[in-house]
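Notes follow once the structure below has been shown.
The values are calculated or read from the model by the stated rules, or taken from the named source; none is laboratory data. Keep in mind the model is a prediction, meaning the values are calculated, not measured. Positions of Cβ are backbone-derived with ideal geometry, glycine not excepted, and every protein chain shown enters the neighbour counts. The accessibility values were calculated without ligands, DNA or RNA, using every heavy atom of the protein model including side chains. Shrake-Rupley method; radii C 1.70, N 1.55, O 1.52, S 1.80 Å.
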Amino acid sequence: MLIDLHTHTHPLSHDSLLSHDELIESAKTANLDAVCLTEHDFFWDHDEAAALSKRHNFLVFPGIEVNTEDGHIVVFGLDRFVYGMHRINELARLADAAGAFMIAAHPYRRQLPFELRHEGDWTQALERAIANPACTHVSAIETHNGRGSDRENTFSAEVAARLNLPATAASDAHEPKDVGRAATEFDRKITSLADLITELKAGRFKPTILRPAPTKS
């Protein structure tokens, strides 16, 4: 199964130009099997997500992208925002108590310089990323972000390899053209959020690039 684990829709994600209906129809066109709604610091009501799934006859799973002090973390298995989640230790405590699963999204951000001007810049950035406190709590790394460049995604893959953590891929969609660039392929059939979390914890998945990354100047 191909599932997009990281997407954003408006108005719940203020920077998205994509409605939830457009997201789902675009996902169908891209031959995906499911999408996850991971708005910025906002939880979808599970019943509303289920109703959306039923209306489109397409699997839709609720999650969240939490903006922590140590980077953005995609989480499955929590259902409400609690003050303090912006601190990674508190988010991890809540996730552990709920049996949730945490993924470090686009780990190149805040770590990889726009330009590598000096010898060793890449290595130093990689060491900073690996030392990020979030890396001691997440169980997977998003190694391919559909809105990231090849260089940025290569950096993320190196982070995952150095940490010996499994890799996921997702579109991080904010507009229709983003959908279908990347997804995570699961070995087993998934029909519910509980199934998704089970398969993530079991590690039965791999990142899949569906379309080339956008060219960045």
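Test residue 148 against the criterion of being open to solvent by less than 20 Å² (accessible area, probe 1.4 Å), touching a residue at least 24 places away in the same chain (Cβ under 8 Å) and small (Gly, Ala, Ser), and give yes or no. The answer is yes for residue 148. Within 19 Å of residue 26 (Cα to Cα), under 17 Å from the mean Cα position of the chain (by Cα) and surrounded by fewer than 22 Cβ atoms within 10 Å (Cβ to Cβ): does that describe residue 199? No, not satisfied. Restricting attention to the range 49-96, the residues being modelled with pLDDT of 95 or more, open to solvent by 60 Å² or more (accessible area, probe 1.4 Å) and under 22 Å from residue 14 (Cα atoms) number 3.
Scan the range 167-187 for residues that are surrounded by fewer than 23 Cβ atoms within 10 Å (Cβ to Cβ), touching a residue at least 40 places away in the same chain (Cβ under 8 Å) and not in a helix (DSSP H, G or I) and report the count.
Residues in the range 167-187 being surrounded by fewer than 23 Cβ atoms within 10 Å (Cβ to Cβ), touching a residue at least 40 places away in the same chain (Cβ under 8 Å) and not in a helix (DSSP H, G or I): 6 in total.
Per this entry, residue 26 is counted among residues that are at pLDDT 95 or above, under 20 Å from residue 208 (Cβ atoms), not hydrophobic (A, V, I, L, M, F, W, C) and not in a loop (DSSP other than H, G, I, E, B). Of everything listed in (1) in contact (Cβ under 8 Å) with a residue 24 or more places away in the chain; (2) part of a loop (DSSP other than H, G, I, E, B); (3) hydrophobic (A, V, I, L, M, F, W, C), the single unmet condition for residue 73 is (2).
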